[in-house]
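K.L.:
Have a look at the structure that comes next, please.
The values are calculated or read from the model by the stated rules, or taken from the named source; none is laboratory data. As the structure is a prediction and not an experimental result, all values here were calculated from the model. No Cβ is skipped: glycine too gets one built from the backbone with ideal geometry, and neighbour counts run over all protein chains shown. Accessible surface areas use protein heavy atoms only, side chains included; no ligands, DNA or RNA. Shrake-Rupley method; radii C 1.70, N 1.55, O 1.52, S 1.80 Å.
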Amino acid sequence: MTKVPLKVVVSGPVGAGKSTFIRTLSQTEVVDTDERSSENIGKTHTTVALDFGQIDLGDYLIHLFGTPGQTRFDFMWDILSEGALGLLLLVACDRPGDFPHARRILEFVTSRQSVPFIVVSTRNDVAEKAWQPADIAAYFDLPLEQVIAINAENVDSAKRALIRLMQQL
Amino acid sequence: MAIFGKLSDFSLREVISMIGRRPGALLLESDDGSRMHMQLSDAQIVRITLERSIESVDEAASLLKRFVQGQGSFHFDQREDDRPLAATLQLDWQRLLPPADAPSSPAQTRIKADDLPHPQTCFVLIKGRNVRLDPILDAFLQRCGAQLERGASAQQLSDELAMELEAVQWHLQSLREIKKIWPVRAYVEQSDVPKKKERRSLGQRLLGLILK
C-alpha cells in the first residue's frame, strides 16, 4: 500500500540544531548537504541545500526537510515550505542574537504559506544562561503553547516537538 | 526567569514590550561600562539608579535615550515577589522614549540588514493601535496606509510608491517593532473551515500514531 507522504519543514538560524534534530528523529539514513563553511558562522560545516529524513507512521510517511540557516539560501525557505503540513522553527535558547533572524524566517514563510508552526527552543540541556519558553513566546508574540523547549539530541524530547506541532494543526 | 541580549539585536522598545507588565529589575549596560538599574512594576519605572538614585523625569528620559540607539546590553530578571516596591518614580515607558523613527541610512540604526523583513513578507496595518511616530515614518505611513490595510510586502510597496526597496524595508521594520504593522498569518487568515477540520482530524490521527 502506498503511504501518504507528508512534509514537515525544520527551519531556523545557523547553529539552532536543525540537522541534529532531523538526525535524531529520522528512521532512515539522513541525506544531508553539509559543506565546510566559507564564512565564520561558529562551526566548521553547515547545511547548504537541505537535510532530509523520514518517519514512518504506518499509513503516513513524514518527510522532514531541514532548510539551510544562512540568509543567502533564503530562497529555499519558500520552496520547501510550500504545501507543508507544518513548520518547526528552531532557535537556540542561549543565542538571543539569532532571534531576529529566526523571526524574519518565520514571518516570511507564514505570511506567504498557509502553514501551522511552532517555535522549538534548543540547547536547553547545555546552555548556562537561557531564555525560557515563556520569554521566547513573548518575543515572537505567540501563545505559550506554540513554543516548546527540547533537547534535539534526545529522541523522546525531539518527538515532543512533533507532538506539539500535531496539536496545532 | 531572565531575558538578556544586546541592544544591537533588540531595540529597547522591543525589550519593554516583551517585559510588558511583569515586575522585575532591568539592567542596561552601555559599551563604556556604565550600568543603569531600573525597577519595573505594572509597565511603570518605579526606580532608576545610575551610580545614584535618579529622581527627575527629565534626567531619566535623557539617560534612557542613550540606550535607544542600540549601544550596550540588557538583562531583565522577573521578580516573583508580588509586594509593591517603594517607588521613587512613577514613569510610563511610552512617554519617556522618543518617537519611533525611520533611519535614513543603515549607519544611523541598530537594525542589521540581515534582520530586515524579507522583501516578500506581507504585513497588515493594526488600525486600532496609536503610536508616536517621527515625521518621516508618519509620512511613509500616510503614503502606504491603504495598501497596508489590505496587506502588502516591501517589494509591492517599493514598486507602487517608487521607493527604494531597502528604504521601505527599514520603514516596515520600524513600524513592525512598535507593532503598528503585523505580519500576515496566512494559516489563520486563509484557511477555510472544512480545510481546518480536515487538518485537525489528520493531526489527531498522526498524534495517535506518534504516541503509539
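K.L.:
How many residues are within 23 Å of the chain's Cα centre (by Cα) and either assigned to a loop (DSSP other than H, G, I, E, B) or exposed (fewer than 13 other Cβ atoms within 10 Å of the Cβ) (or both) if we restrict to the stretch B:40-64?
P.N.:
Total meeting the criteria: 3.
K.L.:
Okay, moving on. Would you pick out the residues in the stretch A:118-135 that are open to solvent by 10 Å² or more (accessible area, probe 1.4 Å) and closer than 19 Å to A:Met166 by Cα?
P.N.:
Kept after step one, since they are open to solvent by 10 Å² or more (accessible area, probe 1.4 Å), are these residues of the stretch A:118-135: A:123-130, A:132-134.
Answer for the stretch A:118-135, where residues must be open to solvent by 10 Å² or more (accessible area, probe 1.4 Å) and closer than 19 Å to A:Met166 by Cα: just A:Pro133.
K.L.:
Residues in the stretch A:121-135 that are more than 17 Å from A:Asp98 (Cβ to Cβ) and not in a loop (DSSP other than H, G, I, E, B): how many?
P.N.:
To start, the set of residues in the stretch A:121-135 that are more than 17 Å from A:Asp98 (Cβ to Cβ) comprises A:125, A:134.
With not in a loop (DSSP other than H, G, I, E, B) added as a condition, the list becomes A:134.
Matching residues across the stretch A:121-135 total 1.
K.L.:
Scan the stretch A:110-135 for residues that are within 9 Å of chain B (Cβ to nearest Cβ) and within 29 Å of B:Ala154 (Cβ to Cβ) and report the count. Full working, then the answer.
P.N.:
Filtering the stretch A:110-135 for residues within 9 Å of chain B (Cβ to nearest Cβ) gives A:110-117, A:129-132, A:134-135.
Retained after the next criterion (residues that are within 29 Å of B:Ala154 (Cβ to Cβ)): A:110-117, A:131, A:135.
Going through the stretch A:110-135 one residue at a time, the tally reaches 10.
K.L.:
Within the stretch B:116-165, which residues are assigned to a helix (DSSP H, G or I), within 14 Å of chain A (Cβ to nearest Cβ) and surrounded by fewer than 21 Cβ atoms within 10 Å (Cβ to Cβ)?
P.N.:
B:Arg150, B:Gln155, B:Gln156, listed by residue number.
K.L.:
For the stretch B:1-39, enumerate the residues that are away from chain A (no Cβ under 11 Å), part of a strand (DSSP E or B) and of a type outside the set (Lys, Arg).
P.N.:
Within the stretch B:1-39, B:Gly24, B:Ala25, B:Leu26, B:Leu27, B:Leu28, B:Glu29, B:Met36, B:His37, B:Met38, B:Gln39 meet the criteria.
K.L.:
Sort out which residues of the stretch A:76-109 are within 11 Å of chain B (Cβ to nearest Cβ) and aliphatic (A, V, I, L, M), and write them in order of number.
P.N.:
Selection gives A:Ala84, A:Leu85, A:Leu87, A:Ala102, A:Ile105, A:Leu106, A:Val109.
K.L.:
Anything in the stretch B:168-212 that is at pLDDT 85 or above, crowded, with 19+ Cβ neighbours inside 10 Å and more than 9 Å from every other protein chain (Cβ to nearest Cβ)? List them, or say none.
P.N.:
B:Val168, B:Gln169, B:Trp170, B:His171, B:Leu172, B:Gln173, B:Ser174, B:Leu175, B:Lys180, B:Ile181, listed by residue number.
K.L.:
Separate question: Tell me, please, whether a residue that is among the small types (Gly, Ala, Ser) and either touching a strand residue (DSSP E or B) at 6+ places or on another chain (Cβ under 8 Å) or within 30 Å of B:Ile16 (Cβ to Cβ) (or both) can be found in the stretch A:75-83. Before the answer, list the steps.
P.N.:
As a first pass, look at the stretch A:75-83 and keep what is among the small types (Gly, Ala, Ser): A:81, A:83.
Remaining after also requiring either touching a strand residue (DSSP E or B) at 6+ places or on another chain (Cβ under 8 Å) or within 30 Å of B:Ile16 (Cβ to Cβ) (or both): A:81, A:83.
Taking every residue of the stretch A:75-83 in turn, at least one turns out to be among the small types (Gly, Ala, Ser) and either touching a strand residue (DSSP E or B) at 6+ places or on another chain (Cβ under 8 Å) or within 30 Å of B:Ile16 (Cβ to Cβ) (or both).
K.L.:
I need every pair where a residue in the stretch B:55-79 that is farther than 20 Å from B:Ser174 by Cβ and of a type in the set (Ser, Thr, Tyr) has its Cβ under 8 Å from the Cβ of a residue that is at pLDDT below 80 and not in a strand (DSSP E or B), sequence separation at least 6 or different chains.
P.N.:
none
K.L.:
Considering only residues that are within 11 Å of chain B (Cβ to nearest Cβ), open to solvent by less than 40 Å² (accessible area, probe 1.4 Å) and assigned to a loop (DSSP other than H, G, I, E, B), which ones fall in the stretch A:136-169?
P.N.:
The answer is A:Leu142, A:Leu169.
K.L.:
Restricting attention to the stretch A:104-114, does a residue exist that is open to solvent by 10 Å² or more (accessible area, probe 1.4 Å) and under 11 Å from A:Gly86 (Cα atoms)?
P.N.:
Checked against the condition, which is being open to solvent by 10 Å² or more (accessible area, probe 1.4 Å) and under 11 Å from A:Gly86 (Cα atoms), the stretch A:104-114 yields at least one hit.
K.L.:
Inspect all residues belonging to the stretch B:56-79 and state whether any of them is of a type in the set (Ser, Thr, Tyr), at pLDDT 75 or above and within 21 Å of B:Gly5 (Cβ to Cβ).
P.N.:
We begin by selecting, within the stretch B:56-79, every residue of a type in the set (Ser, Thr, Tyr); these are B:56, B:62, B:73.
Of the ones still in play, those that are also at pLDDT 75 or above are B:56, B:62, B:73.
Filter again for within 21 Å of B:Gly5 (Cβ to Cβ), leaving B:73.
Within the stretch B:56-79 (the criterion being of a type in the set (Ser, Thr, Tyr), at pLDDT 75 or above and within 21 Å of B:Gly5 (Cβ to Cβ)), the answer is yes, since at least one residue qualifies.
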